[in-house]
Amino acid sequence: MRINKYLAEQGVASRRHADEMIEAGRIKINGVTALLGADVQEEDVVTLDDQPVLSGEKELEYYIMNKPKGVVCTVSDDRGRKTIMDLLPETSGRVFPVGRLDYGTEGLLILTNDGDLAFRLTHPKTEIPKTYMAKIEGTLTEKDLNPIRSGIELDGVLTKKCKAHIVETNKAYTKVHITITEGKNRQVRRMFEAIGKNVELLKRVSIGQLKLRGLDRGKVRKLTQEEISYLKGL
Ligand code: URA
């Protein structure tokens, strides 16, 4: 089995994050630093930061978090900032975030050790709609949103068509609901920057039909069986 798939199945990280760990030289197979694309056999000993990655049956865990801003969306932070791991209950196993929210972005985040589900949910082909509430500085009209709806060039590629509408507007700020099906780095913020607007506040309110449903900022709960089945069916 490919090393990244193995690490995902063991709940260490998503396949993509596992590749980053391999590239950083943190993974060893039988004491030798693993290379990207290496294969693992059943009898091999795999370590992460020299700690054995235990194989065997593990319980799959699924959480939903209302991430506050000012918290990093990684398993550890070399600058010592608060991470989403600090918000998890002590009883939780080793889970990792499905996709990322910026340091300054809040809202719905899924965490799991189910590598396959994480892989599918974050795969560009899956195109899951993610809705954000963006609070923009100053006034905005529906017409101003047209370039955002039809596609903004980011990193030389047009963003996919998306839905956006104004929820509230006044002289000081405008609240926009925007639904995108991609996950480019800082996508929503950069789309508004491209039309000369600054996002003051950004909150993810849903992933597909999954919503925060009254989960307070900074709080975490286990996903229900129904919610897990829904995500698996996406
Ligand atoms: N778009 C952004 O700009 N930031 C996020 O965290 C998510 C989407």
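What strands (runs of 3 or more DSSP E), lying completely within the range 118-234, carry at least 3 residues that are closer than 28 Å to Ala18 by Cβ and either within 16 Å of the ligand (Cβ to nearest atom) or touching a residue at least 24 places away in the same chain (Cβ under 8 Å) (or both)?
Result: 199-207, 220-222.
Looking only at the range 74-99, which residues are surrounded by fewer than 18 Cβ atoms within 10 Å (Cβ to Cβ), assigned to a loop (DSSP other than H, G, I, E, B) and either touching a residue at least 24 places away in the same chain (Cβ under 8 Å) or touching a Ser or Thr at 6+ places or on another chain (Cβ under 7 Å) (or both)?
Hits for the range 74-99 are Thr74, Val75, Ser76, Asp77, Leu88, Pro89, Ser92, Gly93, Arg94, Gly99.
Do we find a residue being modelled with pLDDT of 95 or more, of a type in the set (Lys, Arg), assigned by TED's automatic domain parsing to the domain that holds Val199 and touching a Ser or Thr at 6+ places or on another chain (Cβ under 7 Å) anywhere in the range 138-152?
For the range 138-152, residues modelled with pLDDT of 95 or more, of a type in the set (Lys, Arg), assigned by TED's automatic domain parsing to the domain that holds Val199 and touching a Ser or Thr at 6+ places or on another chain (Cβ under 7 Å): absent.
Give the residue that is surrounded by the most Cβ atoms within 10 Å (Cβ to Cβ), with candidates limited to residues of the range 105-133 that are more than 18 Å from Tyr6 (Cα to Cα) and of a type in the set (D, E, K, R).
By that ranking, first place goes to Lys130.
Quick check: is even one residue across the range 47-70 assigned to a loop (DSSP other than H, G, I, E, B), closer than 16 Å to Ala13 by Cα and in contact (Cβ under 8 Å) with a residue 60 or more places away in the chain?
Looking for residues that are assigned to a loop (DSSP other than H, G, I, E, B), closer than 16 Å to Ala13 by Cα and in contact (Cβ under 8 Å) with a residue 60 or more places away in the chain, one finds at least one in the range 47-70, hence yes.
The values are calculated or read from the model by the stated rules, or taken from the named source; none is laboratory data. Because the structure is predicted, anything quoted here is derived from the model rather than measured. For neighbour counting, all protein chains shown are included, and Cβ atoms are generated from backbone atoms with ideal geometry for every residue, glycine included.
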